[in-house]
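First the structure, then my questions, so here it is.
Throughout, read-outs are computed from the coordinates displayed, never taken from laboratory work. These figures come from a predicted structure and were not determined experimentally. So basically every Cβ, Gly included, is an ideal-geometry build from the backbone, and we count neighbours across all protein chains shown.
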Amino acid sequence: MEPKYVNESRAVKSSHVLPLDTNNHGTMFGGKLMSYIDDIAAISAIRHARNLVVTASTDSVDFLNPIKEGYSVCLESFVTWTHRTSMEVFVKVIAENMVTGERKLCATSFLTFVALGKDGKPTDVAKVIPQSDEEIMLHESAPSRNEIRRLRRDDSKRFAKIFTTKKPWE
């Protein structure tokens, strides 16, 4: 399988932050932004894999600055690194005051997706070729994030053995 350049998976999406998108502070709901993040990241993962994908994990969402009502929000995503069937996707979120033109980085996120073949089972994905300084930095630091994901997943499996689906009153 031929490796692919990061730019082949890059996706950009912009939206106007409207009153129904905001909380009582007049800033964008975190959950709404997380939905946008998952959506744009999935587009990047599908572009890279050229197969359907599933979200395996949202590894992190770091909210750095609030996004105010009336601003625009622009999300950019791309695949930073791949394993055999999984892809790490980075998303950055920039808010813009539409009147002044001031822009701020408001959130960053890493997600993991697994590519699915026509049979619905995980399928191999191409390696990534980073080019820019940003892409190279993210690509080179990805194996350590992958190890953290593996440890967290092991913890989740251990928790699953302890937690029950029984009703609390039973």
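Would you work out the charge dipole size for region 1-145 about its Cα centre, treating the Cβ of every Lys and Arg as +1 and the Cβ of every Asp and Glu as -1, and quote it to the nearest 20 debye?
Around 300 debye, computed over region 1-145.
What residue among 29, 115, 130 has its Cα farthest toward the positive end of the dipole of region 4-162, where the charges are +1 on Lys, Arg and -1 on Asp, Glu, each on the Cβ?
The residue sitting farthest along the positive end of the dipole is 115.
Here's another thing I want to ask about it. Tell me, how many Å apart are the Cα centres for region 10-43 and for region 84-154?
17
Once you have the Kirkwood Rh of the chain from its Cα pairs, apply Stokes-Einstein at 20 °C and 1.002 mPa s and quote D in µm²/s.
124
Okay, next question. With Cβ to Cβ distances under 14 Å as the rule, what net charge do the other residues near residue 162 carry (K, R +1; D, E -1)?
Within the 14 Å Cβ shell, the charges total +2.
With respect to the cross-link table entries 32/92; 127/157; 32/127, which display a Cα-Cα separation exceeding 25 Å? Working shown, then result.
Details: 32/92 15 Å; 127/157 28 Å; 32/127 31 Å.
Going by Cα-Cα distance, 127/157; 32/127 fall outside the 25 Å limit.
Which whole-number percent is the relative contact order of the chain (Cα, under 8 Å, 6+ apart)?
25
Give me Rg/Rg_expected for region 79-167, where Rg uses Cα atoms only and Rg_expected = 2.2 N^0.38 Å with N residues.
Values: Rg = 17.8 Å, N = 89, 2.2 N^0.38 = 12.1 Å.
Cα-based Rg divided by the globular estimate yields 1.47.
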